[in-house]
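Student: Below you'll find the structure I mean.
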2 protein chains.
Amino acid sequence: MKLRTLLFSTSVAVIAAQAASANEELREWAAETFAPLPSTIPALNENPVTPAKIDLGKALFFDPRMSASGVFSCNSCHNLATGGDDNMPTSIGHGWQKGPRNSPTVLNSVFNTAQFWDGRAADLAEQAKGPVQAGVEMANTPDNVVATLNSMPQYVDWFKASFPDEADPVTFDNFAKAIEAYEATLITPAPFDAWLNGDDNALNAEQLAGLELFLDKGCTTCHNGVNIGGNGYFPFGLIEKPGADILPEGDKGRFAVTETADDEYVFRAAPLRNIDQTAPYFHSGLVWDLKVAVQIMAESQLGEELTDQEADQIVAFLGTLTGDMPEVTYPMLPVETATTPRPTGEVMP
Amino acid sequence: MKLRTLLFSTSVAVIAAQAASANEELREWAAETFAPLPSTIPALNENPVTPAKIDLGKALFFDPRMSASGVFSCNSCHNLATGGDDNMPTSIGHGWQKGPRNSPTVLNSVFNTAQFWDGRAADLAEQAKGPVQAGVEMANTPDNVVATLNSMPQYVDWFKASFPDEADPVTFDNFAKAIEAYEATLITPAPFDAWLNGDDNALNAEQLAGLELFLDKGCTTCHNGVNIGGNGYFPFGLIEKPGADILPEGDKGRFAVTETADDEYVFRAAPLRNIDQTAPYFHSGLVWDLKVAVQIMAESQLGEELTDQEADQIVAFLGTLTGDMPEVTYPMLPVETATTPRPTGEVMP
């Protein structure tokens, strides 16, 4: 080997070794606050996940007949074709009413500590019971859901297969459990997981710089764990409260759940997986640009004004949280019968 | 072989031969008026079907951002999970407005002579341009659709791949052509096709009796061809006009298209494939029970009062028109960008 080649090879090797070592150091730091997605579906509380239950849950998730009008399914506002949300500030529901808060993505939501922006549901089964009954969303009742399901023999069979030990398995609780089981499968492994698991090539230099900033600036105080958020409650506007154009005064967040003054304008930290697929941002859905959202967070939560480059780098890092969607075969739903309750678009006063 | 066994075998053989011959006679009669589904996607008018175009059309079909509000996709009212329609009398659209007529199934619609209940669109490409612009449906404009598509690089690439010879392929016309190409794949081979193609076991005795009645009573005057309807215009109430509870006076059908007095209350004969999946029935969507719908048709169009058994047999035959849905992989849609027009639920006066 010629000396020049040798020297070149040596310096390449040195740089590579340095990069590897820097990567390793950053990875150790990241590992203190983040965790990669597990490779299997997590265990659910009193709800064993079986293939039959997943299939039933998928049918229910996509079935618009779970709403009073027959217009809305879970998938309407948590659309699996568009990042698991509905791409609008707040959802439009029954009677063309607007919901109060931005629809969060269903993807990876099983890893959130609690559900909804204010964490008022302990898990996805409890969550699933909410929108179906909300007057501004699906406007249905548990009784009417159960009557609808019981009217279709195919659904009754699917419930029997999903809850084999129960004499009367078609219940509103089991409806929610089946949806929870399906949603628990909606997990999207991302480049950041590959990197956390040791693949140095999964993130490029700009993304790594963004990750380092994310750790260094303190974003991780609220956005950490498997979902890079979704596991703690924090006041929006810790350092500087944003204006009503971003933080409407009428929505006091977790205060409505706990009725504790400390919880005014407190929200669950948003989980950040697939965040670049789910504009607009914040509980109000009033910010469309991810970079702007990052800058607002830095100012309001950390009192930091990011440089343009820093904001770009953090956005580049956030892009590494966008994962591969599981392939979804669109379900064939059971057909109505003479006893299926008729859809109604009527808006109750 | 013992004599008794021989006699038995002979009589079984004779009965089998008689049945086969009866089947053959009925099949010949049926073949004069019906045709099985072709085994390939039909050629479309000035719209060659390619895999790229089918994929693009599927994305567009499922994309709620094609509506002004971001709430409705083609699939909202032509839901592939529920027989290609929406299971309500008339669809609910933009601003919670109700459409004037029952949403017809998209399945096998490529075989209809013209589209809509009054045949006002010559083909599916022309049809696809209607609901997206209708104020009570998707309430969008061609310009806004094109702006939305152009704002997402992934869509632009898909249009280029689908219309490779065009310099500027992202057009409203091509939007419609791609949807037409996708819809042309939504073909559902049914037991009746198998029977028409020679499989004696595809239909049971009751279904065959229903078919014979369907031919004998004259239902085939209007309901014939590949789609058992969908290829001719006929007055609803040829013999006896039903009441306004079924035939609302305000909707004069094809009269609105041709402005010819003869076309008052004239509608395209409903195609009957998958009819038992697509209640409620008629352009008004006011009849939920298929047997009742059959009885109404017999009285109003043929002046025939069917016995209960006859109506059951015809319904049994109609069940043999329900086919196998193509497996649909739910699409992953392109993500919005800063230039994507924002959704608006606003209702224009």
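Student: Please list the non-local residues whose amide H lies under 5 Å from the amide H of residue A:253, H modeled 1.01 Å from N, same-chain partners needing a gap of 5 or more.
Tutor: Hits under the 5 Å cutoff: A:265.
Student: Okay, next question. Roll a 1.4 Å probe over the protein heavy atoms and report the accessible area of residue B:223 in Å², nearest 10.
Tutor: 30 Å²
Student: For chain B, what does -39500 (n - 2.57) per DSSP helix run (n ≥ 4), summed and divided by total residues, give at 222 nm, in deg cm²/dmol to the nearest 500?
Tutor: -12000 deg cm²/dmol
Student: Looking only at the range A:79-110, which residues have a backbone nitrogen under 19 Å from a spot 7 Å from the Cα of residue B:157 in the C-beta direction?
Tutor: A:81-83
Student: Moving to a separate point now. If you plug each phi of the range B:68-74 into the Karplus form 6.51 cos²θ - 1.76 cosθ + 1.60 with θ = phi - 60°, what whole-Hz ³J(HN,Hα) values come out, in order, with x for Gly and Pro?
Tutor: 4, 7, x, 8, 10, 10, 3
Student: Rounded to the nearest 10 degrees, what's the angle between the helix B:3-33 long axis and the longest principal axis of chain B, both from Cα atoms, 0 to 90?
Tutor: 40 degrees
Student: Same structure again: If each residue of separation counts as 0.36 nm, what is the full-extension length gain between residue B:133 and residue B:305 once their alpha-carbon separation is subtracted?
Tutor: Going from the current span to full extension adds 57.7 nm.
Student: Run the quick spin-label model on residue B:166 and residue B:22: label points 7 Å from Cα toward the beta carbon, then report their separation in nm to one decimal.
Tutor: Rounded to a tenth, the inter-label distance reads 5.5 nm.
Student: Given H placed on each backbone N at 1.01 Å, which residues far from residue B:287 in sequence or on other chains put an amide H within less than 5 Å of it?
Tutor: B:281
Student: Please calculate the 1.4 Å probe accessible area of residue B:268, with all protein chains present, and give it to the nearest 10 Å².
Tutor: Spelled out: residue B:268, probe radius 1.4 Å, area about 10 Å².
Student: Ordering A:49, B:14 by how much accessible area each has at a 1.4 Å probe, largest first, what is the list?
Tutor: Output order, biggest surface exposure first: B:14, A:49.
Student: For the range B:194-262, which whole percent of the accessible surface, found with a 1.4 angstrom probe, sits on carbon and sulfur atoms?
Tutor: 46 percent
Student: How big is the equivalent ellipsoid of the range B:189-320 along its three axes, where each semi-axis is √(5λ) from the Cα gyration tensor, reported in whole Å from largest to smallest?
Tutor: Each semi-axis is the square root of five times an eigenvalue, giving 27, 16, 13 Å.
Student: Using only Cα atoms, locate the centre of the range B:256-307 and the centre of the range A:318-339, then give the distance between them in Å, rounded to an integer.
Tutor: Using only Cα atoms, the two centres lie 34 Å from each other.
Student: Still on this structure, please answer the following. Applying the Karplus parametrisation 6.51 cos²θ - 1.76 cosθ + 1.60 with θ = phi - 60° to the phi angles of the range A:306-314, what ³J(HN,Hα) value in whole Hz is obtained for each residue in order, glycine and proline being reported as x?
Tutor: 6, 6, 4, 5, 4, 4, 4, 5, 5
Student: First select every other residue whose beta carbon is under 13 angstrom from the beta carbon of residue B:244; then total the charges, Lys and Arg +1, Asp and Glu -1.
Tutor: Net charge in that neighbourhood comes out at -1.
Student: Once amide H atoms are placed 1.01 Å from N in the peptide plane, what residues at a sequence separation of 5 or more from residue A:79, or on another chain, have their amide H within under 5 Å of its amide H?
Tutor: Excluding prolines and chain starts, which carry no amide H, the hits are A:84, A:85, A:86.
Student: Related question: If I ignore ligands, DNA and RNA and count only protein heavy atoms, how much of residue A:240 is accessible to a 1.4 Å probe, in Å² to the nearest 10?
Tutor: That residue has around 110 Å² of solvent-accessible surface.
Student: In the protein assembly as shown, how does Rg compare with the Kirkwood Rh, expressed as the Rg/Rh ratio over alpha carbon atoms?
Tutor: 1.04
Student: A further question follows. Rounded to the nearest whole Å³, what is the per residue volume of the convex hull around the Cα atoms of the range B:296-337?
Tutor: Roughly 141 Å³ of hull volume per residue.
Student: Quick one: ranking A:126, B:28 by accessible area, 1.4 Å probe, largest first, what do you get?
Tutor: I get B:28, A:126, largest accessible area first.
Student: Does anyone have the angle between helix B:205-217 and the longest principal axis of chain B? Alpha-carbon axes, 0 to 90°, nearest 10?
Tutor: 80 degrees
Student: Taking Rh as the Kirkwood radius computed over C-alpha pairs, what is the Stokes-Einstein D of chain B at 10 °C in a medium of viscosity 1.306 mPa s, expressed in µm² per second?
Tutor: Taking Rh from Cα pairs, D becomes 72 µm²/s.
Student: Give me the angle, in degrees from 0 to 90, between the Cα long axis of helix A:153-162 and the longest principal axis of the Cα atoms of chain A, rounded to the nearest 10.
Tutor: In chain A, helix A:153-162 runs at an angle near 50 degrees to the longest axis.
Student: By accessible area of protein heavy atoms, probe 1.4 Å, what ranking do B:96, B:288 get, highest first?
Tutor: Listed by decreasing accessible area, they come as B:288, B:96.
The values are calculated or read from the model by the stated rules, or taken from the named source; none is laboratory data. As the structure is a prediction and not an experimental result, all values here were calculated from the model. FYI the Cβ positions are ideal-geometry reconstructions off the backbone, even for glycines, and counts take in every protein chain you see. Heavy atoms of the whole protein, side chains included, go into the accessibility calculation; ligands, DNA and RNA do not. Shrake-Rupley method; radii C 1.70, N 1.55, O 1.52, S 1.80 Å.
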